[in-house]
Every structure is written in C-alpha cells, then in structure tokens.
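A short worksheet on the structure shown next.
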Amino acid sequence: AMPECPFCGEAAGRELEEHLRMQHGQLLGAPGTGDAEQLYQCPMCSLTCTNIEILEEHVELHLEEQSFSEGGNRRDLELAQQLQAAEDKWQRSEEEKREKEEFKKLQRQYGLDNSGGYRQQFLKNMEREVDRGRLQPFDYHKRKADMMESLAFGVDDGKTKTSGIIEALCKYYQNESKDVRQVWLSAGTDHFHSSWGDRGWGCGYRNFQMLLSSLLQNSLYNDCLGGITPIPSIPKIQTMIEDAWREGFDPHGASHFNNRLHGSKAWIGACEIYSLLTSLSIKCQIIDFHKPTGPVGTHPRLFEWLLHYYSTPNEGAAKVVCTSKPPIYLQHQGHSRTVVGIEEKKNKTLCLLLFDPGCPSQEMQKLLKPNSDGSSLKLLRRFVGSLKEKQYQIVAVDGVLSLEEKAVSTSEKSWSEKIQ
C-alpha cells in the first residue's frame with residue numbers, strides 16, 4: 001500500500017520524507033523565529049524529533065505495531081470462528097447420530113427394521129425353547145411343519161383361539177353378578193392371543209381376527225367375506241392390507257410403511273384396520289377420543305359412547321342384553337384390545353369388557369367353566385379409572401358399503417376427515 005502522511009493522510013509514496021519536510025516541517029519550528037532548530041513532532045505519540053529521518057523511522061514503527069496488532073486480532077477472530085464452526089459441526093454430527101439411533105430404535109419397536117416377520121420370529125423362539133430344554137426336537141419339527149402349512153394356505157392355525165366366551169358370559173350374568181344392574185354383550189366373538197410368531201407386535205392383527213370371527217357369524221356380511229374363511233393368518237392379513245393400499249385406501253398410511261407389511265413385524269393400528277374393512281366393503285368409522293374428558297386423565301365420554309353403541313331405546317329392562325352388534329376395535333399408544341361388552345353397575349358406574357390379545361388362552365378358558373364364581377372376570381373388566389391413556393381410537397363396524405360408497409372412500413383427498 002502507498003505510504004500515507006501521518007499528519008494529513010495524503011498518499012506520499014516514496015517521497016514521504018520530502019513531503020514531511022516541505023509540507024509539515026516548518027509547522028514545528030519555534031514560533032517567532034526563522035532560524036530556530038526545526039523540530040518534527042510525531043503525530044501518533046507527540047514525540048518531538050529534530051531529524052526527519054528519525055521521525056520517519058519512528059512513525060514507521062508505530063505503523064508496523066498497529067498493523068501487527070490488527071493482524072493478531074484478525075487471527076484471533078479467525079481462530080475463534082474456526083473453533084466455533086468445528087463445535088457446531090460436532091454438535092450436528094452428534095445430533096444426527098442420536099436421531100439415527102432413535103430412528104433405529106423406533107424401527108425396531110414398530111417392526112420396521114427388516115429383521116424378519118412372523119415366520120422368522122416363530123422359528124427363532126422355537127429354537128430358543130429347544131435350547132432351554134422346554135421343547136423337544138420332535139415337537140420342534142412338528143410345529144415347524146404345522147406353521148409352514150398354515151402360512152402356505154394363509155389361514156390361522158387356531159392354536160391361540162378360545163371360542164364360546166360370550167355365550168358363557170351371557171349365562172353367568174343371568175345367574176350371578178348381583179352388583180350389575182344391566183350388561184350388554186356383543187355378538188359371538190372368539191378370543192385370539194399372541195403366539196411365538198407375533199409376540200410383542202401382533203395385537204392389532206389379533207384384534208382384527210377377533211372382529212372378523214364375529215362378522216363371519218353374521219349373515220349381513222356374507223357377501224363381503226365370502227372369500228375369507230376360515231380366519232386368515234397374520235402374514236395373510238398383512239397381504240390383505242397391502243392389497244387395500246394398492247386399491248387406493250389410506251395412501252398416507254401406506255407411505256408410512258413404505259407400502260409393505262408382509263415379512264415384517266410392523267405394528268398396525270386403527271387406520272390399517274379401517275382400510276382393510278373398507279376394502280372389504282364393510283362400513284365402519286374411526287372415532288378419536290383425543291384427550292381426557294374426566295378427572296385424573298380419564299375418558300368417561302368413551303364409556304358413554306360405547307354404552308350408546310350397545311344399548312337401544314326400546315330394549316326393555318332385561319338384565320342381560322345379548323346384542324347382534326359386532327365387537328369394537330380399541331386402540332391406544334402401544335397396544336390395542338377388543339371391546340365385547342359393557343356393564344352398568346347398580347351405582348350407575350360403567351365397566352368395559354375387553355378381550356386382550358396379551359391374555360393367554362389358558363386364562364381365558366377359565367371363563368368357560370360352568371361353576372365360575374366370576375373371579376376370572378377381572379381378566380375382562382376395565383373401569384373408567386383403568387383407562388387413562390392420553391388418547392384412544394375406536395373402529396366401529398356399521399353395515400355394508402355400496403359400490404358407490406366404496407368408490408368414494410378411495411377418492412377422498414384426506415383420510416383425516418374420516419376421524420371424528
């Protein structure tokens with residue numbers, strides 16, 4: 001850069017010395033004397049020099065010091081910026097790692113980690129039982145053959161099914177349960193519980209099997225379900241849901257699962273059940289109880305809705321009302337169950353009767369004993385204070401869809417409009 005005059009800032013180039021002498025030298029002479037010794041004052045620190053060369057060197061030292069100081073500050077700033085950039089990059093990297101781990105955890109939790117599906121889990125759990133000595137090799141090979149045959153035909157093997165519970169409940173309430181003023185029961189429904197192949201993730205499929213077992217006994221749905229008998233296996237149900245997606249039902253939900261369920265341990269919920277039923281021309285609705293409506297996080301409005309579903313205005317005063325209504329699919333975060341009835345106590349409190357896929361058939365079969373004292377009903381009973389999840393969804397069946405209604409279901413832009 002061109003040297004500048006420290007007095008006036010004018011660029012002087014190589015003639016800085018002559019510029020200082022000619023333009024500013026006389027300014028420092030003693031006042032009133034023409035022959036006084038010429039003095040030169042530093043414009044930066046007020047040092048007075050008698051020699052212009054000394055002043056010039058002195059000023060240059062000032063300028064070098066200032067330049068070094070500015071350069072040091074600039075280097076410090078650059079270093080601080082580099083350190084901050086490195087810190088930001090590390091934090092982003094750690095955040096991405098945490099997000100990936102959380103995503104993988106969610107994938108494992110919801111069966112979307114490509115670790116195999118029903119068949120792989122069934123075989124793995126049987127092998128574990130053999131290793132622990134709780135299953136003989138002969139039984140292992142027999143059960144494996146049965147499972148492979150079941151999957152080949154797409155039907156449930158029926159080994160987790162318990163039938164006749166609704167009928168047994170009807171007899172029990174007619175003869176016992178003095179604290180119940182009135183009880184409403186759904187149409188006959190089989191109970192299915194999780195097996196080695198779907199333990200931990202299959203509740204949605206098992207509840208669909210329960211609902212389907214009831215619909216198959218109702219002649220109203222014969223045309224819809226003519227090709228679905230007996231009860232399909234879980235892999236078959238996964239394929240049926242994929243078929244519904246291909247027809248155009250719930251495209252948003254399909255994208256969540258990458259349009260694939262078969263061969264996975266993916267959890268399903270109310271929307272998948274709704275899609276499957278609608279694709280079968282079965283009219284149903286999703287009702288969302290999205291927040292508690294009672295004290296301490298309870299949902300009395302859910303109980304009131306279910307009472308209204310089962311009861312009719314002109315049913316009389318019969319203590320036990322065995323309705324023709326299908327059971328209700330009940331979903332909350334992490335689990336689902338099937339509502340098969342509701343009690344009204346003499347003190348007006350309500351109690352739901354639920355089939356839980358997590359309850360093994362050995363326990364459910366206790367309800368079939370003719371001399372049951374009612375203690376096994378605790379497996380089914382859930383009072384208002386027992387259901388305190390943040391949100392519940394139900395799927396309620398309500399007849400058969402016409403061809404026009406079914407077509408409308410696939411053409412709607414947003415499935416969120418279906419949730420009441």
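The values are calculated or read from the model by the stated rules, or taken from the named source; none is laboratory data. All values reported here derive from a predicted model rather than from experimental measurement. Note: ideal-geometry Cβ built from the backbone for every residue, glycine included; neighbour counts use all protein chains shown. The protein model used for the area step is the full one, side chains on, heavy atoms only, and it has no ligands, DNA or RNA in it. Shrake-Rupley method; radii C 1.70, N 1.55, O 1.52, S 1.80 Å.
Summary of values
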quantity: Odd one out for L135 among (1) in contact (Cβ under 8 Å) with a residue 40 or more places away in the chain; (2) in a loop (DSSP other than H, G, I, E, B); (3) among the hydrophobic types (A, V, I, L, M, F, W, C); calculated: (1)
quantity: Hey, N125 modelled with pLDDT of 85 or more and surrounded by 10 or more Cβ atoms within 10 Å (Cβ to Cβ) or not; calculated: yes
quantity: Matching residues in region 216-253 - criterion: being hydroxyl-bearing (S, T, Y) and surrounded by fewer than 19 Cβ atoms within 10 Å (Cβ to Cβ); calculated: S219, T229, T239
quantity: Flag for K171 being open to solvent by 80 Å² or more (accessible area, probe 1.4 Å), in contact with a strand residue (DSSP E or B) (Cβ under 7 Å, 6 or more places away or on another chain), at negative phi and modelled with pLDDT of 90 or more; calculated: no
quantity: Residue identified as in contact with a strand residue (DSSP E or B) (Cβ under 6 Å, 6 or more places away or on another chain), surrounded by fewer than 18 Cβ atoms within 10 Å (Cβ to Cβ) and not in a strand (DSSP E or B) among E363, E389; calculated: E389
quantity: Sole residue being among the β-branched types (V, I, T), farther than 23 Å from I268 by Cα and either assigned to a loop (DSSP other than H, G, I, E, B) or open to solvent by less than 70 Å² (accessible area, probe 1.4 Å) (or both), chosen from I394, I342; calculated: I342
quantity: Region 249-307 - residue that is in a helix (DSSP H, G or I) and among the small types (G, A, S) and, of those, farthest from Y329 (Cα to Cα); calculated: S255
